[in-house]
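The values are calculated or read from the model by the stated rules, or taken from the named source; none is laboratory data. These numbers were taken from a predicted model, which means no experiment stands behind them. Because the Cβ atoms are built from the backbone with ideal geometry, glycine has one as well, and the counts that use them run over all protein chains shown. Side chains are part of the model used for accessible areas, which takes the heavy atoms of the whole protein and leaves out ligands, DNA and RNA. Shrake-Rupley method; radii C 1.70, N 1.55, O 1.52, S 1.80 Å.
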Amino acid sequence: MDQFVKFDIKEVKSDLLRAINECSQRGLLHTTKWLAELSYSLKDVKLNALDITADLYLSDNEEEDTYILAKTYFDLKEYDRAAYFTEQCKTPKIL
């Protein structure tokens, strides 16, 4: 018997962003990196203010997922990876 589990992809993305924020605050750098990589894989999933909690900052910037991923690489001193993911970015925050 096949059983299927359905996930609300927006809820998954929101949970990932919340976990990234919490782990980053606690200095869990490798966990933050792993979560950021998962979140980056869902970069096409767009969230609005109703999809996220009030304690979570999320801009409308399309490059926000790239920023989060690159920042985790930068924090772990993986500078080449951070540079690779940001080389096509145009926003001042990321540059």
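Observations on the model:
- Glu62 contributes about 150 Å² of solvent-accessible surface, heavy atoms of the protein only, 1.4 Å probe.
- Cα-only Debye scattering, the chain: base-10 log of I(q)/I(0) at q = 0.15, 0.24 Å⁻¹: -0.60, -1.32
- Within the chain, longest stretch clear of exposed chymotrypsin sites (Phe, Trp or Tyr not before Pro) (DSSP loop, no more than 11 other Cβ within 10 Å): 8-56
- Solvent-accessible ranking of Lys46, Lys6, largest area first, probe 1.4 Å: Lys6, Lys46
- Heavy-atom accessible area ranking, 1.4 Å probe, most first, across Ser41, Ser24, Ser14: Ser41, Ser24, Ser14
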